[in-house]
Amino acid sequence: MAGGVSSSGGHSVSSAYAAVRNWLLAPSWITIAIFMLGPVLLMAVYSFLTKEFRGGVLWEFSLASYDQFFFDRGLFGDEPPKLHWTYLAIYLRSFIQASVATLLCLAIGFPTAYFIATRPASTRMVWLFLITIPYWVNLLIRTVSMKFLIRDTGPINEWLISFGLLEAPIKMVNTDFAVQLGLFYSYLPFMVLPIYAAVERYDFALSEAAADLYADRWTTLWLVLLPAVRPGIIAGCILVFVPSLGAFLAPDLLGGAKNFMIGSLIEEQFKGAAGNWPFGAACAMVLLTMVLVAVFLYARQQAANARGGG
């Protein structure tokens, strides 16, 4: 019967699975516990361990890694603690880089998603295919290719010089611009696809109604379209911002030592036998905590807005 009600007992079909619901969900819960919660808990435990002097980890719990992150106690560790700005500056730079990358992806991704969603249904898949096909190649290969294109003797500089637009090559590698370009190129589809899905579900009759009420295109965009597709925009911003915040391939290969970011800092601590695993784990936990707090505050605000609107 309609509505999922059985003809025999009058109960919903879903109630037939109520007794085994937990067993049906067990594989998903086990997968999440092993491959998501497990590594996070392991990282949390390692962040409270002690680094051995010659490398490795001692199973002695302490707050030394967090103390190293936030405070500077001098070369020999016997001076009064002072706030350590070195690592905080790296985190601030990473937040700025990730924010700029998110805004760039939004500025390009929204018009692109709107364009694709408004094409005839027969050609939309072709446009989506063109958006995603570069990402069939490994990220490392794509980042190295980007470095080849923008280096001093790369094709871009050579073309600009050959056309007489430049007299000498522009230094692009090992700059903030190169990092932004790498992040933008790496995560643009993560912005396009959620917005495309939202625009595709949008009822364009609302725009026609706004036009009938003498609203111009910009008014319709800001007051009708954007609020309707806001969930897709938010999802795209999160999908771009979070991986950009922890990226290390683009900063390492395109940014160099002067453009160190969080991902590079964490990755550096786990290199070789002499790496500082507890400190690397502490840096990762600080990043995870900051992201979770931001997401929690946003979710709380959305819930408050929903209650206020209701």
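Odds and ends about this structure:
- Estimated [θ] at 222 nm from DSSP helical runs (n ≥ 4, -39500 (n - 2.57)) normalised by residues in the chain, nearest 500: -19500 deg cm²/dmol
- Ala168/Phe148 FRET efficiency (R0 25 Å; Cβ-Cβ; nearest 0.05): 0.85
- Counting Cα-Cα pairs of region 85-269 in 10 Å increments starting at 0 gives whole-percent bin shares of 9, 29, 29, 21, 10, 2, 0.
- The Kirkwood hydrodynamic radius of region 29-121, based on inverse pair distances between different Cα atoms, is 17.8 Å.
- Cα-based reach from Lys82 at 30 Å (exclusive), listing lysines while leaving out same-chain residues under 8 positions away: Lys51, Lys258, Lys271
- Cα-projected label distance for His84 with Ala299, points at 7 Å along beta-carbon direction, nm: 3.1
- Within the chain, helices built from complete DSSP H runs that reach 24 Å or longer along their own axis (Cα positions) and carry a mean Kyte-Doolittle hydropathy of 0.0 or higher are 85-117, 176-200, 277-309.
- Geometric descriptor of region 159-310, per residue, is 182 Å³ (volume of the convex hull of the Cα atoms).
- Relative packing of peptides 198-205, 173-180, 241-248, 137-144 - highest average C-beta neighbours within 10 Å first: 241-248, 173-180, 198-205, 137-144
- Modelled spin-label separation between Met290 and Glu52, with each label point placed 7 Å from Cα along the Cα-to-Cβ direction: 3.2 nm.
- Global form of the chain, assessed from the alpha-carbon gyration tensor, a/c cut-off 1.5: oblate
- Rounded to the nearest 20, the Cβ-based charge dipole of the chain about its Cα centre (Lys and Arg +1, Asp and Glu -1) stands at 420 debye.
Taken together, the values in this text are just the output of simple stated rules run on the coordinates, not laboratory data. Keep in mind that what you see is a predicted model, and the values were worked out from it rather than measured. Note that each Cβ is placed from the backbone with ideal geometry, even for glycine, and that neighbours are counted across all protein chains shown.
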